[in-house]
Amino acid sequence: MITPRKHIRLPPLPTIRDLVKLYRIRALRQLSQNFLMDERITDNIVKAAGKLRDHHVCEIGPGPGGITRSIIKKQPKKLIVVEKDPRFLPTLELLQECCKDFTDFQIEIDDIRSYNFETGFKEAPKHDWFEAPPPVHLIGNLPFSVSTNLIIRFLQSISEKNSAWTFGRSSMTLTFQKEVGERMVAPIMDKQRCRLSVMCQLWCEVQYKFTIPGKAFVPKPDVDVAVMTLVPLKYPLVDLPFKMVEKVLRTIFNMRQKYCIRGIEKLFPEHLRTDLGVKLCKLADIETTTRPFQISNEEFVRILYAYKVICEDHPGLEQYDFRAAKIPLME
Ligand code: SAM
């Protein structure tokens, strides 16, 4: 049996640049493919994820395998790579072969949005939510359009403790467009504070780890990239249905520069707006003239619970969505 060493060297492999050339893989614009060729950067992304040795890892969108190599060097017990583009199969199979003695490397040609993490991680130990995070990690450098959408789905799964979070507080190390990363961590009063900031911070400890300059990618995107880590909070700040939280925050942040009462009123149908808007602010102990970016996470939590109390008093109100302009069943 081969005893794994702390730091391993992979057998000599062609560089990612050579592989891309060898297999004539041209980056596809429709999949927003931008590849990382610099091993120091991929090593740093993986370092941001923390300990991986003997852990269970899913890499989302490995492409030609730059980050994958850095993950393998940490000798996880299991590595699942989920890649939509089948052209990368040969380069991923090459990596699968070179780590077969110490890592169970599973290749899934699939869309991450339909991937079943519970099946993928079925051999991973389950930790109680209040224990330390389980040895389960998600790592990925995805196209921005996918990663922003995906983080909302992941937050929903965290709030419902399903998917990769049936195993406990599994951590994530993901890349985003730099501005999106800044929004995710934006505190109260910050000019970047928005719905995404509050959503992320209600359920996770979010860290902006470092910036990768756009020029490090091939082809070079127009923007810089943020490497973010998210670890679910032991005690999330809210325990309310995800869709309710999302709707309330979206409606309030829709009018980011206006007094919060303007957005809060929009949570209610026109004939109830004035009364219930003021009532909600009173219940939540929020000044009607505060602007959304001046509201702390704790104050948002009070707003959310006040909204819930009002909905309980008015059957059907919870279904009202200003955006969908739905007229609910109201007394
Ligand atoms: N990880 C590689 C790197 O850092 O060099 C590639 C990064 S590239 C920005 C994004 C990768 O995600 C591409 O390989 C692309 O094919 C893949 N991808 C895009 N959408 C995907 C999806 N919905 N599910 C799985 N993979 C996806």
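List the residue pairs whose Cβ atoms are under 9 Å apart, where the first residue sits in region 275-286 and is in a loop (DSSP other than H, G, I, E, B), the second is β-branched (Val, Ile, Thr), and the two are 6 or more positions apart or on different chains.
What qualifies is 286/261; 286/264; 286/295; 286/303.
Any idea how many residues of region 81-111 are open to solvent by less than 50 Å² (accessible area, probe 1.4 Å), hydrophobic (A, V, I, L, M, F, W, C) and not in a loop (DSSP other than H, G, I, E, B)?
Adding up the residues that qualify gives 8.
Does any residue in region 138-163 that is assigned by TED's automatic domain parsing to the domain that holds residue 76 come within less than 6 Å, Cβ to Cβ, of a residue that is surrounded by fewer than 17 Cβ atoms within 10 Å (Cβ to Cβ) six or more places away or on a different chain, and which pairs are these?
So the pair list comes out as 143/32.
Does residue 128 satisfy the criteria of being open to solvent by 20 Å² or more (accessible area, probe 1.4 Å), in the same structural domain as residue 52 (by TED's automatic domain parsing), farther than 25 Å from residue 295 by Cα and in contact (Cβ under 8 Å) with a residue 40 or more places away in the chain?
Yes.
For region 14-58: of the residues being part of a loop (DSSP other than H, G, I, E, B) and within 11 Å of the ligand (Cβ to nearest atom), which is modelled with the lowest pLDDT?
Filtering region 14-58 for residues that are part of a loop (DSSP other than H, G, I, E, B) and within 11 Å of the ligand (Cβ to nearest atom), the one modelled with the lowest pLDDT comes out as 32.
Pick out the one residue from 119, 175, 148, 166 that is within 15 Å of the ligand (Cβ to nearest atom) and outside any strand (DSSP E or B).
148
The values are calculated or read from the model by the stated rules, or taken from the named source; none is laboratory data. All values derive from a computational prediction rather than experimental measurement. Cβ sites come from the backbone with ideal geometry, for glycine too, and all protein chains shown count toward neighbours. Keep in mind that these areas ignore ligands, DNA and RNA; they rest on the heavy atoms of the full protein, side chains included. Shrake-Rupley method; radii C 1.70, N 1.55, O 1.52, S 1.80 Å.
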